Each structure stands twice: as C-alpha cells, then as structure tokens.
C-alpha cells in the first residue's frame with residue numbers, strides 16, 4: 001500500500017491543487033455557473049473530506065473489520081485516506097465547466113496522482129469514487145459511498161457564498177436560500193436502533209411562522225428542487241449498507 005496519509009498531506013501543500021481551488025473560487029464569484037454560488041472550492045473539499053472520513057469511521061465501528069468486507073472495503077486506514085484524497089480532488093474538473101465535471105475530475109485525478117506514485121489499484125479506487133460522486137452512478141465500494149455521502153452532507157449555510165457576501169443574496173436560488181438555514185449536518189449509525197441517521201440542525205426564524213411550518217417549507221423546496229440532498233443519503237444507508245434510514249431535523253424524526 002502506498003503512503004496514502006503522506007500523499008494526502010502533500011496534496012494539501014501542492015501548488016497545482018491550490019491553483020485548481022483558486023480557479024474554482026473565482027468561477028464561483030463570477031456567476032458564470034449560477035449553481036456555483038455554492039462553494040465547490042477548497043473549503044468545500046475540506047468539509048467533504050471531514051464528512052466522508054467520518055462516514056468511514058462510523059461504518060467500521062458499526063459493522064466491524066470482518067462484516068464490513070461485504071461492502072468491498074479495503075481496510076480502515078486505506079479506505080480512510082483514499083476517501084480523504086478523493087474528497088480533495090472530486091470537483092477539480094469544474095475548472096473546465098460544471099457539466100460532466102465528475103467524469104472530468106476523475107480523469108484529471110488519475111493523471112495527477114501518478115506523480116505521487118500511487119499504485120494503479122489505489123488510483124482506480126480513488127478515481128472511481130470521484131467519477132460517481134454526483135449520485136447518478138452505482139456504488140461499488142465503501143469509498144464510493146463515503147465520498148457521495150460526504151458531498152451531499154455539505155449543505156449547511158457555510159457552503160453558500162452569500163453567507164460570506166450578502167451582496168449575493170439577490171442572485172441565489174430559492175433552494176440555496178432555504179439551505180442557508182441549515183447550520184449543521186450529522187450522520188451516525190445507531191447500534192441499538194439499527195438505523196442510519198441523517199440529522200439536520202436548522203436555524204429558526206423567531207419572527208417567522210411556526211417552526212413546524214418552517215421545516216415543512218424547507219422540505220417542500222428541497223424535495224422539489226434538489227431531492228438528491230435526501231434521496232442519495234437514503235439510498236446509501238438503506239440500499240447499500242442495508243440499514244434502515246432515519247431523517248431527523250433538530251432531533252425530531254421527519255417523514256420524507
């Protein structure tokens with residue numbers, strides 16, 4: 001096995017990677033791709049890495065080293081750092097446009113990782129996860145699932161550029177405006193219940209309607225405009241892991 005931990009750290013200091021992140025940041029601010037008012041740059045990559053490796057840790061703790069092999073896991077450390085590296089590189093293809101960026105990021109990552117002498121098998125795992133992270137392709141292994149899950153969990157207010165620059169508020173979509181009310185996202189596997197739980201923490205509007213109505217409006221907009229935010233985690237937990245999916249907002253179970 002390559003020194004994936006060391007390679008992750010090298011990427012974090014690499015000028016080429018920083019260059020991609022800077023280009024994506026600039027594209028986000030131009031409005032050339034309106035959906036990029038949501039961050040796809042370095043902060044997003046780091047948050048996705050945090051969410052995704054947390055998913056890996058949860059799965060290993062829940063299933064154990066033997067049972068987890070049924071998900072084509074490769075070992076806790078290898079899965080952890082393969083996922084972290086994939087998170088850093090999963091959106092690099094956006095430098096050449098939003099459309100088909102997952103496949104383009106996959107091909108760019110393959111070439112990029114060669115300079116670190118990553119083994120061909122490890123490149124295949126990392127690149128495979130990057131290629132399917134948008135949620136439209138079949139999950140093959142635990143790294144695929146982790147990256148896809150981490151990407152869909154990064155929907156808190158800190159994801160959106162209008163959180164940092166209020167001048168962008170008139171330009172953002174209704175779905176982004178609603179998602180900016182989410183202040184935290186958690187995932188955990190509950191051994192006692194046998195459930196995989198996705199939790200959103202939501203900022204209340206004290207002068208707005210009843211909080212239950214606020215939650216309903218948020219869900220109505222999400223289900224209509226970006227159902228992947230719930231459908232993809234549900235698919236990963238229910239269909240891939242074979243665990244019952246529970247969705248919670250501010251500790252209250254929600255049916256979707």
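The values are calculated or read from the model by the stated rules, or taken from the named source; none is laboratory data. Predicted model, so just to flag it, every value in this text is computed and none were measured. Positions of Cβ are generated from backbone atoms using ideal geometry, with glycine treated the same way; all protein chains shown enter the neighbour counts.
Scan segment 71-90 residue by residue and report those that are over 18 Å from residue 118 (Cβ atoms) and either modelled with pLDDT under 95 or not assigned by TED's automatic domain parsing to the domain that holds residue 120 (or both). Talk me through it step by step, then tell me what you get.
Initial filter on segment 71-90 (over 18 Å from residue 118 (Cβ atoms)): 71-73, 76.
Those that are over 18 Å from residue 118 (Cβ atoms) and either modelled with pLDDT under 95 or not assigned by TED's automatic domain parsing to the domain that holds residue 120 (or both): 71, 72, 73.
Please go through (1) part of a helix (DSSP H, G or I); (2) touching a residue at least 24 places away in the same chain (Cβ under 8 Å); (3) closer than 17 Å to residue 38 by Cα for residue 183 and return the number of the only condition it doesn't satisfy.
(1) is the only condition that residue 183 fails.
Looking for something at pLDDT below 95 and either in contact with a strand residue (DSSP E or B) (Cβ under 7 Å, 6 or more places away or on another chain) or not in a helix (DSSP H, G or I) (or both) - is there at least one such residue anywhere in segment 52-68?
no
As an exercise: evaluate residue 201 against (1) surrounded by fewer than 18 Cβ atoms within 10 Å (Cβ to Cβ); (2) part of a helix (DSSP H, G or I); (3) touching a residue at least 12 places away in the same chain (Cβ under 8 Å) and give the number of the one condition it does not meet.
(2)
Within segment 157-179, which residues are part of a loop (DSSP other than H, G, I, E, B) and surrounded by 13 or more Cβ atoms within 10 Å (Cβ to Cβ)? Show your work before the answer.
Our first condition is that a residue be part of a loop (DSSP other than H, G, I, E, B); within segment 157-179, this holds for 164-165, 172-173.
Within segment 157-179, 172, 173 qualify.
Within segment 240-254, how many residues are closer than 26 Å to residue 63 by Cα and part of a loop (DSSP other than H, G, I, E, B)?
Summing the residues that are closer than 26 Å to residue 63 by Cα and part of a loop (DSSP other than H, G, I, E, B) in segment 240-254 gives 5.
Checking residue 182 against (1) touching a helix residue (DSSP H, G or I) at 6+ places or on another chain (Cβ under 7 Å); (2) surrounded by 19 or more Cβ atoms within 10 Å (Cβ to Cβ); (3) within 30 Å of residue 70 (Cα to Cα), which test does it fail?
Answer for residue 182: the failing condition is (3).
Does residue 231 meet the test of being within 21 Å of residue 188 (Cβ to Cβ) and either touching a helix residue (DSSP H, G or I) at 6+ places or on another chain (Cβ under 8 Å) or assigned by TED's automatic domain parsing to the domain that holds residue 181 (or both)?
On the way: within 21 Å of residue 188 (Cβ to Cβ): yes; either touching a helix residue (DSSP H, G or I) at 6+ places or on another chain (Cβ under 8 Å) or assigned by TED's automatic domain parsing to the domain that holds residue 181 (or both): yes.
When the stated conditions are applied, residue 231 passes them.
Go through segment 1-26 and count every residue that is in a helix (DSSP H, G or I), over 28 Å from residue 164 (Cα atoms) and more than 21 Å from the chain's Cα centre (by Cα).
The total comes to 2.
Select, from 73, 86, the only residue that is closer than 15 Å to residue 122 by Cα, assigned to a loop (DSSP other than H, G, I, E, B) and in contact (Cβ under 8 Å) with a residue 40 or more places away in the chain. Talk me through it step by step, then tell me what you get.
Numbers: 86 fails: assigned to a loop (DSSP other than H, G, I, E, B).
Going through 73, 86 in turn, the sole match is 73.
Only one of these is modelled with pLDDT of 95 or more and either under 15 Å from the mean Cα position of the chain (by Cα) or surrounded by fewer than 24 Cβ atoms within 10 Å (Cβ to Cβ) (or both): 135, 128. Name it. Step through it out loud before you land on a result.
Values: 135 fails: modelled with pLDDT of 95 or more.
It is 128.
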